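Here's the structure we're looking at; comments come further down.
The values are calculated or read from the model by the stated rules, or taken from the named source; none is laboratory data. Computed from a predicted model, the values in this text were never measured in an experiment. Using ideal geometry, Cβ is built from the backbone for each residue, glycine included, and neighbour counts are taken over all protein chains shown.
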Amino acid sequence: MSSANRQLWASLGLDLEAHDQLLQALPPTYGEVYLSQENRPEKMEYFDFVVAEIHGLRIQELQEHKARGGKVIGTFCVFVPEEIIRAAGGICIGLCSGVEIGAAQAQKVLPGSICPLIKSFMGFKLARVCPYFESCDLVVGETTCDGKKKAFEILNDYVPVHVMEVPQLKRGKDKALWSSEVKDFLTRMEEFTGHKITATSLRRAIEEVNGKRRALWRLADLRKHNPTPISGKDSLLIEQIAMYDDVGRFTAKVEELCAELEARVRENKGVKGPDAPRIIVTGTPMAIPNWKVPHLIEISGAVIVAEELCTGLRYFENLIPEEGGSIEEMAEHVAARYLKTNCACFTPNPGRMDRLVELAKEYRADGIIHCSLTFCDPYLIEANRVARTLEKHDIPLLQIETDYGQGDTGQLKTRIEAFLEMVRSRKGRV
Ligand code: BJ8
């Protein structure tokens, strides 16, 4: 990394020594997991570049935005409406929390038995190793799960936090509560950024973010082909980068990649052969650089064709109508779109069950792997409903519970291989 970058990080108050250790931990993982893949689309080059520059170029862009008086808003959940942040002239950054960093510091303020994602974001903040976190003027939290909702109280000691109340059911009164939360958030963003949101700025933001979601959808659609033209790991990486890259540039790069993938589909060129088991992954989000389970699945000979995850389909599958007239009307559309998200924090959560069955058909999946982080009650418990639904539809399921450590890699690989063996023999029977 250049000395200009080191100056940049120092100016953000990063602990440079701890940050060096973090960067040293990343590149070999990326090389091993990503760059060693065969048959990658050429247009993945841009996304490799983004990872290589993960704490460089984009951070520089954020600082330039701040120097012009703009605000950077951090989020941890796909419930936080990016459109409203953009309409107020802000930049929305999905903070990653996909690696165990600063665990010792995090454990000074949190119990040890807590979800690794929560421990990770607290560790990142307390250890001062994430230039994205240190660039944030405000973090937006939500009341999705108990762990996050209580951790945000503590995080507020270190960075200003605005919490949105996400309901736990989807009845009429819950929808009304969520709409009012979205409208309050709009007002808070106007106050915080000093920018009045207008019907024009909100409509433009809706169009831009819809554009990003459409591009991701085009990519997802291409993966329905057999052989599928891109690996699940590459697709996941793109879905992770979607959370923090510049919206216009990212959208254009995904569209370029899709054009290449369409040519591959015409030539029947796949990333794996047509007999590779087709797997859907579902469960808790997989934030950068958490690629452990997808890597194990794909080095075991399968190909992941879809992610029913918040770093996946849940992030981009619903659009917001672009023809809303007043701010009030558009805010209602924004609220309605976000409330369609099938997070396990809802009880019951039938939308997720229905979607999994539909996805298995649409993507001609041979099996589903449910992957949950340890101590994540909503997903670990909801795995029971998923298992019941998939059994009814005769869709093979493997359930995994894991964290960000590498200690269980061997055991997970054995279980995944056994599952894929079973799936292959079923394929042979059909
Ligand atoms: S909409 S999935 S991004 S809340 S893994 S912190 S649930 S204990 S991340 Fe999520 Fe929004 Fe839902 Fe999606 Fe809690 Fe579970 Fe940890 Fe989690």
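Observations, loosely collected:
- Scanning segment 281-320 for residues that are in a loop (DSSP other than H, G, I, E, B) and β-branched (V, I, T) yields T284, I288, T311, I320.
- Options S2, S36; residue that is over 18 Å from F133 (Cβ atoms) and at pLDDT 90 or above: S36
- Which numbered condition A331 fails, given (1) more than 18 Å from L390 (Cβ to Cβ); (2) surrounded by fewer than 22 Cβ atoms within 10 Å (Cβ to Cβ): (2)
- Counted residues, segment 231-270 - those being crowded, with 19+ Cβ neighbours inside 10 Å, in a loop (DSSP other than H, G, I, E, B) and under 23 Å from the mean Cα position of the chain (by Cα): 5
- The residues of segment 34-49 that are in contact with an Asp or Glu (Cβ under 9 Å, 6 or more places away or on another chain) and free of Cβ contacts under 8 Å to residues at least 24 places away in the same chain amount to a single one, L35.
- Count of residues meeting criterion [more than 26 Å from V209 (Cβ to Cβ) and within 14 Å of the ligand (Cβ to nearest atom)] in segment 100-117: 8
- Considering the conditions (1) surrounded by 21 or more Cβ atoms within 10 Å (Cβ to Cβ); (2) touching a residue at least 40 places away in the same chain (Cβ under 8 Å), S179 is excluded by exactly one of them, (1).
- For segment 60-103, filtering for residues that are modelled with pLDDT under 95 and more than 18 Å from E239 (Cβ to Cβ) leaves 4.
- Positions within segment 154-172 being over 21 Å from M189 (Cβ atoms), assigned to a helix (DSSP H, G or I) and not small (G, A, S), in sequence order: I154
- Number of residues in segment 339-390 that are acidic (D, E), within 15 Å of the ligand (Cβ to nearest atom) and touching a strand residue (DSSP E or B) at 6+ places or on another chain (Cβ under 6 Å) equals 0.
- Within segment 373-385, residues that are within 12 Å of T144 (Cβ to Cβ) reach partners that are near the ligand (Cβ under 7 Å from one of its atoms) with beta carbons closer than 7 Å, at six or more positions or on different chains, in the pairs C376/C115; C376/T284; P378/C145; P378/A344; P378/C345; Y379/T284; Y379/A344.
- Annotation note: of E307, E401, E382, the sole residue that is within 19 Å of the chain's Cα centre (by Cα), farther than 20 Å from T75 by Cα and buried (at least 20 other Cβ atoms within 10 Å of the Cβ) is E307.
- Residues located in segment 148-168, provided they are crowded, with 20+ Cβ neighbours inside 10 Å and either under 20 Å from the mean Cα position of the chain (by Cα) or in the same structural domain as Y404 (by TED's automatic domain parsing) (or both): K148, A151, F152, M164, V166
- For segment 272-289, the count of residues that are surrounded by fewer than 16 Cβ atoms within 10 Å (Cβ to Cβ) and either within 16 Å of the ligand (Cβ to nearest atom) or touching a residue at least 60 places away in the same chain (Cβ under 8 Å) (or both) is nonzero.
- If the condition is being crowded, with 24+ Cβ neighbours inside 10 Å and away from the ligand (no atom under 16 Å from the Cβ), then segment 86-99 contributes A87, A88.
- Scanning segment 33-56 for residues that are exposed (fewer than 15 other Cβ atoms within 10 Å of the Cβ) and of a type outside the set (S, T, N, Q) gives L35, E38, E42, E45, F49, A52, E53.
- Checked against (1) within 26 Å of D245 (Cβ to Cβ); (2) more than 16 Å from the chain's Cα centre (by Cα); (3) more than 14 Å from the ligand (Cβ to nearest atom); (4) surrounded by fewer than 23 Cβ atoms within 10 Å (Cβ to Cβ), Y132 meets all criteria but (2).
- Looking across segment 53-84 at every residue that is β-branched (V, I, T) and within 16 Å of the ligand (Cβ to nearest atom), the one that is farthest from the chain's Cα centre (by Cα) is identified as I73.
- Total residues in segment 81-111, condition assigned to a helix (DSSP H, G or I) and free of Cβ contacts under 8 Å to residues at least 24 places away in the same chain: 6
- Residue within segment 118-129 that is within 16 Å of the ligand (Cβ to nearest atom), of a type outside the set (G, A, S), outside any helix (DSSP H, G or I) and at negative phi present: no
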